[in-house]
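Novice: Have a look at this one.
The values are calculated or read from the model by the stated rules, or taken from the named source; none is laboratory data. Keep in mind that what you see is a predicted model, and the values were worked out from it rather than measured. Using ideal geometry, Cβ is built from the backbone for each residue, glycine included, and neighbour counts are taken over all protein chains shown.
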């Protein structure tokens with residue numbers, strides 16, 4: 001069903017290939033999304049944690065180590081799931097990891113603020129294996145919600161250790177570690193949990209007799225496998241068919257059909273209801289709730305539940321959050337606001353003393369210093385270091401604080417509980433274009449910079465939607481493209497109204513392409529049909545924990561720095577070579593370089609825009625340079641006109657208004673900058689998809705810009721506008 005071959009059957013292969021003798025005990029940590037699993041895992045393992053990818057699948061997780069009680073304990077953070085039904089890749093990986101015996105024991109997490117919902121997964125675990133420890137998380141939040149839990153009574157009912165913890169406050173961590181050591185030495189149930197399924201039991205017994213004859217399913221507990229088959233577990237059925245056990249498969253189907261005829265209801269529904277009733281009965285015995293008055297969280301939920309108001313509030317929160325981030329890092333859009341209200345000097349200060357401005361200035365000074373010291377000895381090496389290596393290194397370091405702050409802001413929204421509410425408020429609108437409400441994150445973030453926009457694709461749990469986001473996000477006009485567009489508009493549009501309309505239309509076209517491309521990918525390429533469901537946890541609102549926010553943000557930032565950073569640095573050196581090397585070797589003129597040759601080669605493609613002659617190759621070469629960074633388009637044009645003022649250099653191109661507008665659209669939509677491409681490759685792990693995206697965006701930009709140019713030319717000719 002999932003089209004994925006699992007390969008998680010070796011204790012020696014998963015998560016970085018450590019040999020078994022490197023640790024004494026493996027503990028798997030499992031729970032629902034937002035249950036506090038990652039926070040607990042980080043507290044348990046500290047700095048020893050690192051990302052591990054399961055062989056054969058795309059699901060990544062973490063493993064870390066802890067010395068305790070004379071044992072070296074290996075913790076494995078399994079993907080956040082809601083059950084063991086194997087409906088998603090994460091559920092398949094988690095279930096198979098446990099079934100294969102890769103873990104000596106499993107820590108099943110329960111959210112103490114929502115025990116009715118989150119106890120279901122640990123109960124499923126106990127039906128599968130006996131060596132489970134149940135841990136209640138977020139106990140520090142129970143008091144304000146009026147929740148009281150009788151842990152000893154629950155431990156007595158289930159026959160396994162039950163430990164309350166607060167990872168943030170460090171409560172219960174020592175007790176949990178001590179309990180892990182005790183369970184590893186024998187303090188556990190003798191056999192899996194038995195739930196009485198009432199009038200389903202005769203059918204479970206019949207399937208058990210059939211399953212006991214199966215060689216394919218021998219690794220699974222017989223009763224558990226029988227219940228799962230009665231529920232219609234597709235993975236177990238596929239295993240039977242793949243193993244050639246058609247007789248076992250057919251007998252199971254006959255028993256299920258007999259159950260349907262006898263009771264008149266779907267077996268899966270009956271089993272799930274019985275399991276939920278079992279959980280509900282336990283909760284009634286061990287959980288006491290004291291009514292509390294109206295909380296700020298319930299007030300916020302009421303506001304978000306209103307379709308229009310919820311959307312407007314979400315836009316306000318997202319815009320304000322990321323305006324702060326981008327203003328600190330890049331000065332944008334605060335600089336535009338300050339100029340608009342008549343404070344150009346203050347806008348200049350904001351731009352100059354933004355983080356990216358300060359870092360850029362530092363690298364400029366370093367480049368000048370290196371050039372002054374080394375140029376007379378080896379000009380070529382000096383250029384390579386200052387214009388190639390330092391440019392790439394500067395790009396990486398300039399992006400670092402931006403990426404970190406974007407993910408800090410996203411982590412604040414996530415940990416506070418605002419993020420899922422924002423996603424819900426946009427879901428109905430975005431679902432019309434093949435997205436879920438999560439697609440609002442890259443759309444908003446990318447207005448500042450496409451790189452963190454691409455990285456926010458990780459918020460999606462739908463594989464197709466994730467590719468939609470990765471592939472389409474670069475269409476959103478970023479700050480760099482706004483700079484180029486503003487310069488073109490200022491040079492060729494005479495009135496503020498026309499300039500404003502031109503910029504607004506640029507954003508409209510970019511967002512339209514983001515939405516339409518996503519829809520085409522889902523419906524035409526992946527044939528996925530309906531838009532992804534927005535299946536997410538709506539946690540209680542609370543003040544975000546600084547420690548958790550930092551863990552989330554730094555984890556994403558490290559990943560970018562390690563993977564995309566090297567790609568950006570490498571591409572910078574390649575671009576330097578294209579500009580400084582030609583067929584005859586090192587060249588002194590850009591026109592003779594491979595870059596200049598490429599510019600002249602693609603110049604004829606601009607003829608449909610009526611851009612010809614010397615202007616054509618200059619514009620073409622500037623567009624090639626735009627791959628480094630979109631604002632490079634302006635610098636390159638100015639350089640080729642003798643270092644003239646950017647505005648004067650653009651006017652020297654002698655473009656018409658339709659040409660300038662069409663060129664602006666092309667720059668908005670064509671190949672993203674190298675940093676964005678590095679992020680696309682990092683997130684997709686597919687060179688093919690990255691190349692296809694480059695070709696798709698460039699060809700789309702080409703077709704749209706030509707169509708718009710010809711339309712404007714026609715309107716001017718016929719109507720005289």
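Novice: Quick one: count up the residues across the stretch 215-230 that are more than 17 Å from residue 96 (Cβ to Cβ) and in contact with a helix residue (DSSP H, G or I) (Cβ under 7 Å, 6 or more places away or on another chain).
Specialist: Within the stretch 215-230, residues that are more than 17 Å from residue 96 (Cβ to Cβ) and in contact with a helix residue (DSSP H, G or I) (Cβ under 7 Å, 6 or more places away or on another chain) number 5.
Novice: For the stretch 514-554, enumerate the residues that are touching a helix residue (DSSP H, G or I) at 6+ places or on another chain (Cβ under 8 Å), part of a loop (DSSP other than H, G, I, E, B) and farther than 22 Å from residue 444 by Cβ.
Specialist: Once the filter is applied, which keeps residues that are touching a helix residue (DSSP H, G or I) at 6+ places or on another chain (Cβ under 8 Å), part of a loop (DSSP other than H, G, I, E, B) and farther than 22 Å from residue 444 by Cβ, the stretch 514-554 yields 526, 528, 529, 540, 542, 543, 545.
Novice: Residue check: is residue 648 surrounded by fewer than 20 Cβ atoms within 10 Å (Cβ to Cβ) and either within 22 Å of residue 480 (Cα to Cα) or touching a strand residue (DSSP E or B) at 6+ places or on another chain (Cβ under 9 Å) (or both)?
Specialist: yes
Novice: Determine whether the stretch 372-380 contains at least one residue that is in a helix (DSSP H, G or I), crowded, with 16+ Cβ neighbours inside 10 Å and in the same structural domain as residue 318 (by TED's automatic domain parsing).
Specialist: no
Novice: Shifting gears a bit: Please note which helices (runs of 4 or more DSSP H) are completely contained in the stretch 400-470 and include at least 2 residues that are over 30 Å from residue 359 (Cα atoms). Explain how you work it out, then say what you get.
Specialist: Working: elements: 418-431, 440-445, 450-455.
The helices (runs of 4 or more DSSP H) meeting that bar are 418-431.
Novice: Let me ask you something else. All but one of (1) more than 23 Å from residue 356 (Cβ to Cβ); (2) in contact with a helix residue (DSSP H, G or I) (Cβ under 7 Å, 6 or more places away or on another chain); (3) at pLDDT 75 or above hold for residue 632, so report the exception by its number.
Specialist: (1)
Novice: All but one of (1) under 30 Å from residue 148 (Cβ atoms); (2) in contact (Cβ under 8 Å) with a residue 60 or more places away in the chain; (3) out of contact with any strand residue (DSSP E or B) (no Cβ under 6 Å at 6 or more places or on another chain) hold for residue 288, so report the exception by its number.
Specialist: Among (1) under 30 Å from residue 148 (Cβ atoms); (2) in contact (Cβ under 8 Å) with a residue 60 or more places away in the chain; (3) out of contact with any strand residue (DSSP E or B) (no Cβ under 6 Å at 6 or more places or on another chain), residue 288 violates only (3).
Novice: Could you grab me the full set of residues in the stretch 174-196 that are surrounded by 19 or more Cβ atoms within 10 Å (Cβ to Cβ) and out of contact with any strand residue (DSSP E or B) (no Cβ under 7 Å at 6 or more places or on another chain)?
Specialist: Result: 193, single match.
Novice: Further, regarding this structure: Name the residue, out of 96, 91, that is touching a residue at least 40 places away in the same chain (Cβ under 8 Å), assigned to a helix (DSSP H, G or I), surrounded by fewer than 21 Cβ atoms within 10 Å (Cβ to Cβ) and not assigned by TED's automatic domain parsing to the domain that holds residue 278.
Specialist: 96
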